[in-house]
Amino acid sequence: MDARRDAGIPEPRERAARAGQRIEQLRQRRAELAAGEGSSGDSVDRARRYAQDAMERAEKAHLAASRGHDEAARAHERTANNLQRAAMEGIGDPEQLQDKADEHWQAAANNHRESAVALAEAEDPTKSSSGG
């Protein structure tokens, strides 16, 4: 499962192209303002739409990140369970297997924590660590 694709987040190349277009639009607008052109109702509406679109994209990205962290946590949990099962069945050094399992349990806990952070940022993108 590709969390980014499922969340409707465009591929990096498409995102880069959109960012380039937006940068050019902002440069043009800055030049217009420097030339003394005031804000029109259209430019204000356009800016609001861009801001709303950006907030929606941020929410989708945070939700996708949360799902990705959840998937990683589940993978670590499965691995830890398999390592513990192997230790109980006497397949390898039980202490070493348990140490590895503990590392995966810790990684799973870290992923669950990151998922919760991403979910909170999806609910309020202004709290995003990425500068939202």
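Residue-by-condition table, conditions (1) modelled with pLDDT of 90 or more; (2) touching a Lys or Arg at 6+ places or on another chain (Cβ under 8 Å):
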{"site": "Ala19", "(1), (2)": "no, no"}
{"site": "Arg22", "(1), (2)": "no, no"}
{"site": "Ser40", "(1), (2)": "no, no"}
{"site": "Val44", "(1), (2)": "no, no"}
{"site": "Met55", "(1), (2)": "no, no"}
{"site": "Lys60", "(1), (2)": "no, no"}
{"site": "Ala64", "(1), (2)": "yes, yes"}
{"site": "Gly90", "(1), (2)": "yes, no"}
{"site": "Gln98", "(1), (2)": "yes, no"}
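What is the residue count in region 74-132 for residues that are part of a loop (DSSP other than H, G, I, E, B), small (Gly, Ala, Ser) and more than 30 Å from Gln52 (Cα to Cα)?
As a first pass, look at region 74-132 and keep what is part of a loop (DSSP other than H, G, I, E, B): 89-93, 124, 128-132.
Next, from what is left, pick out any that are small (Gly, Ala, Ser): 90, 92, 128-132.
The next check asks that each one be more than 30 Å from Gln52 (Cα to Cα); those that pass are 90, 92.
Total meeting the criteria: 2.
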Which of the residues that make up region 13-72 are of a type in the set (Ser, Thr, Tyr) and over 30 Å from Ala109 (Cα atoms)? Ser39, Ser40, Ser43, Tyr50
Within region 71-95, count every residue that is within 18 Å of Gly8 (Cβ to Cβ) and buried (at least 18 other Cβ atoms within 10 Å of the Cβ). 0
Unique residue being in a helix (DSSP H, G or I), of a type outside the set (Lys, Arg) and in contact (Cβ under 8 Å) with a residue 40 or more places away in the chain when the list is Glu71, Glu24, Glu14: Glu71
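Hey, can you tell me all the residues within region 29-45 that are assigned to a helix (DSSP H, G or I) and surrounded by 10 or more Cβ atoms within 10 Å (Cβ to Cβ)? Let's see the steps before the verdict.
Applying the first criterion (assigned to a helix (DSSP H, G or I)) to region 29-45 yields 29-34, 41-45.
Residues satisfying the conditions are Arg29, Arg30, Ala31, Glu32, Leu33, Ser43, Val44, Asp45.
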Inspect all residues belonging to region 46-57 and state whether any of them is among the polar types (S, T, N, Q) and outside any helix (DSSP H, G or I). no
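The values are calculated or read from the model by the stated rules, or taken from the named source; none is laboratory data. Here the structure is a predicted model, which is why all the values come from computation and not from measurement. As a convention, Cβ positions derive from the backbone with ideal geometry for all residues, glycine included, and neighbour counts pool all protein chains shown.
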